[in-house]
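The values are calculated or read from the model by the stated rules, or taken from the named source; none is laboratory data. Just so it is clear, the model here is predicted, and its values are computed rather than measured. Cβ atoms come from the backbone with ideal geometry, glycine included; neighbour counts cover every protein chain shown.
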Amino acid sequence: MKSLVEAYAPKLLIVEVIGVLSRYLSDEEIDLVLNYFPPIKLIPEEVIYEEAIRIARKTGSRAADAYYIAVASIINGILLTNDKRQVRNSRKANIEAYYIVEEMEKAKRSILPPV
């Protein structure tokens with residue numbers, strides 16, 4: 001069954017997830033979590049590097065944020081995040097972005113088909 005939306009992220013996501021999990025879980029538990037990780041299309045750095053550089057120059061964003069914004073730019077997608085600064089920088093780069101803590105309903109209307 002095909003999902004309603006497809007999720008994309010830079011491969012950096014896995015490094016970030018492992019970094020957080022390693023504070024609380026054993027290596028075996030981390031491997032188990034990764035085996036059941038949701039299906040996200042991971043975009044390799046070589047695909048997004050130049051776009052991330054362009055975005056960093058344009059927005060002054062943090063390095064990791066530039067990678068996530070670059071993915072949204074390359075796939076012509078929408079960025080959903082719980083980071084207000086990342087949303088501001090996405091919008092500076094003309095990328096549709098939503099701060100899900102406050103804009104979840106608006107984000108849903110943008111990404112889900114009408115019922």
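Filtering ALA93, ALA70 for residues that are out of contact with any Asp or Glu (no Cβ under 8 Å at 6 or more places or on another chain) and at negative phi leaves a single hit, ALA93.
Close contacts from the stretch 34-53, counting a first residue that is closer than 20 Å to ILE95 by Cα and a second that is polar (S, T, N, Q), with Cβ to Cβ under 6 Å and a gap of 6+ residues or different chains, come to GLU51/SER73.
Kindly indicate which of SER26, SER22 is more than 27 Å from ILE111 (Cβ to Cβ), without any contact (Cβ under 8 Å) to a residue 12 or more places away in the chain, surrounded by 12 or more Cβ atoms within 10 Å (Cβ to Cβ) and polar (S, T, N, Q). Write out each step before concluding.
Numbers: SER26 fails: surrounded by 12 or more Cβ atoms within 10 Å (Cβ to Cβ).
SER22 is the lone residue from the list that is more than 27 Å from ILE111 (Cβ to Cβ), without any contact (Cβ under 8 Å) to a residue 12 or more places away in the chain, surrounded by 12 or more Cβ atoms within 10 Å (Cβ to Cβ) and polar (S, T, N, Q).
Taking first residues from the stretch 76-92 that are surrounded by fewer than 19 Cβ atoms within 10 Å (Cβ to Cβ) and partners that are assigned to a loop (DSSP other than H, G, I, E, B) and modelled with pLDDT of 95 or more, the Cβ contacts under 6 Å between residues at least 6 apart in sequence or on separate chains come to ILE78/GLU96.
Only residues that are surrounded by 12 or more Cβ atoms within 10 Å (Cβ to Cβ), farther than 16 Å from LYS84 by Cα and not small (Gly, Ala, Ser) were counted across the stretch 97-114, and they come to 2. Taken together, the residues in the stretch 1-19 that are in a helix (DSSP H, G or I) and either surrounded by 10 or more Cβ atoms within 10 Å (Cβ to Cβ) or touching a strand residue (DSSP E or B) at 6+ places or on another chain (Cβ under 6 Å) (or both) amount to 7. If you go through the stretch 1-30 and keep only what is among the acidic types (Asp, Glu) and under 21 Å from the mean Cα position of the chain (by Cα), you end up with GLU6, GLU16.
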